[in-house]
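The values are calculated or read from the model by the stated rules, or taken from the named source; none is laboratory data. Here the structure is a predicted model, which means the values were calculated and not measured. When we count neighbours, we look across all protein chains shown, and the Cβ atoms used for this are built from the backbone with ideal geometry, even at glycine.
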Amino acid sequence: MSESREIGRRVAYWRERRGMSRKHFADLVGRSVSWVEKVEQGERLLVRIPTLEQVADVLQIDWRVLVDDAEAERAQRLPDAMEVLAIKAALGRYDSLSVPAVREEPPDLDRLQGQVTYLLEAFLASDVSTVGRTLPGLLVEGQRAVVAFAGTSQNRAASSLVTILKIASSTLHKFGASDLAWLAADRAVAAAVLANDPMSLARGVRCAGRALMSVGLPRQAMLLLTNAADRLEQGIEDMSPDLVSLIGMVWLAAEIAAARDGDAEAALVMHRKAEAIARRLGPEYDDRMTAFGLTNVALHRVSALVRLGDGRTALDYAVTVDPNALARLPRERRVNYLLDLAVAHQQCGSTEEAVGALWQADATAPQEVRRRPVVRDLIAELWEAKDDLQSASCLRRLAGNAGLSV
């Protein structure tokens with residue numbers, strides 16, 4: 001592809017990602033629609049730096065994203081600052097307290113649920129750029145739906161909003177915005193109460209537990225999660241498998257909270273509770289949305305041991321994980337496991353193996369790995385211990401992918 005066509009394609013991509021029409025974009029750069037069309041079709045080359053900077057400023061990106069292949073690839077894969085701000089702005093809306101200037105048609109709940117399913121699939125696939133683009137609008141639409149309906153329709157709208165807020169909280173947590181993640185989680189619990197169903201409550205509480213951990217309150221997270229799991233478990237014999245699996249996921253979150261709090265005994269007790277639920281469901285149970293089952297229980301045990309600082313036991317336990325069962329889990333779950341293995345190897349002083357696990361994680365879900373602060377910190381720590389490291393070139397490549405200068 002010629003340079004002019006490649007730059008034009010990138011201009012079109014970012015214009016559409018920002019939700020601009022060609023007319024709107026042309027007005028902002030002070031050019032004609034015809035000029036924009038020629039640029040996007042590669043018939044006019046942007047060669048002057050001032051023009052490139054003007055176009056990039058309107059698109060709210062660095063001008064190098066338009067001309068440099070590596071910068072373009074990295075920017076397209078990640079949610080950028082504008083999308084994080086859009087998520088923040090959507091969380092800052094309180095539409096229930098405002099009176100609309102004109103009467104609006106209520107959202108179509110079937111369509112909303114379809115969009116939520118699409119968002120969840122993107123999240124599980126670690127398709128971070130899609131999540132970043134889709135999430136702000138769905139936050140607004142979900143909140144609008146809750147306000148627009150009453151009765152069972154409002155319950156249904158609130159259930160959808162719980163999932164939206166859960167994904168918002170998890171996304172913000174992964175990328176270091178812990179306070180915003182807590183806000184989204186708190187909203188998820190409120191929406192779960194409004195939904196008035198135990199599955200929404202399980203999702204909301206698990207989300208809140210993770211948020212409490214992210215702001216340094218693991219003990220409070222453990223208490224919240226264990227109290228909720230005990231409450232939800234009442235009458236478990238008559239529950240649907242999907243609800244039972246969600247209760248198992250609450251116990252897994254409680255295990256991680258206990259490990260983060262340094263309580264190895266409590267973490268093991270909660271692991272066994274989750275394992276018992278997984279055995280109740282049987283080895284054939286498979287719910288992609290929760291990924292709950294014996295394999296995920298094992299992965300959480302590895303994660304808990306890492307958080308307890310016991311990398312050697314974590315690696316010994318990892319040997320029991322079935323590779324075929326692991327491959328069937330969502331990409332988001334697999335990459336978190338690989339990151340845990342990298343930390344476990346680091347704890348054991350096995351820098352080569354830590355780099356290898358990081359390399360595999362980057363190949364599995366580059367959009368997620370390259371943006372997460374925890375990965376950048378780990379790369380920096382490994383680089384400090386790189387003496388005689390055979391895989392130094394791989395570590396340097398990982399650092400470059402994550403935007404680090406080493």
### Task
Could you grab the pairs with beta carbons closer than 8 Å, sequence gap of 6+ or different chains, first residue in region 213-233 and touching a residue at least 24 places away in the same chain (Cβ under 8 Å), second one among the charged types (D, E, K, R) and surrounded by 23 or more Cβ atoms within 10 Å (Cβ to Cβ)?
L225/R206
### Query
Of the residues that make up region 212-224, is at least one among the small types (G, A, S) and closer than 29 Å to R144 by Cα?
yes
### Query
Does E141 meet the test of being of a type in the set (D, E) and either over 23 Å from L85 (Cβ atoms) or under 15 Å from the mean Cα position of the chain (by Cα) (or both)?
no
### Message
Among the numbered criteria (1) surrounded by fewer than 14 Cβ atoms within 10 Å (Cβ to Cβ); (2) among the aliphatic types (A, V, I, L, M); (3) within 26 Å of M289 (Cα to Cα); (4) not assigned by TED's automatic domain parsing to the domain that holds M289, which one does A385 miss?
### Response
(3)
### Message
Let me confirm something: among L339, L378, L315, L329, which residue is closer than 20 Å to S126 by Cβ and at pLDDT 95 or above?
### Response
L339
### Query
Is region 149-168 home to any residue that is crowded, with 23+ Cβ neighbours inside 10 Å and in contact with a Cys (Cβ under 6 Å, 6 or more places away or on another chain)?
yes
### Message
Can you pull out every residue in region 136-156 that is of a type in the set (S, T, N, Q) and touching a residue at least 24 places away in the same chain (Cβ under 8 Å)?
### Response
Q143, S153, Q154, N155
### Hits in region 182-191 - residues which are buried (at least 24 other Cβ atoms within 10 Å of the Cβ) and either within 15 Å of the chain's Cα centre (by Cα) or not assigned by TED's automatic domain parsing to the domain that holds L135 (or both)
A184, A185
### Task
Return only the number of the condition from (1) in contact with a helix residue (DSSP H, G or I) (Cβ under 9 Å, 6 or more places away or on another chain); (2) over 24 Å from R231 (Cα atoms); (3) surrounded by fewer than 18 Cβ atoms within 10 Å (Cβ to Cβ) that L138 does not satisfy.
(3)
#### Entry: Residue check, L398 crowded, with 21+ Cβ neighbours inside 10 Å and in a helix (DSSP H, G or I)
yes
### Query
Which of the residues that make up region 283-317 are surrounded by 22 or more Cβ atoms within 10 Å (Cβ to Cβ) and aromatic (F, W, Y)?
F292
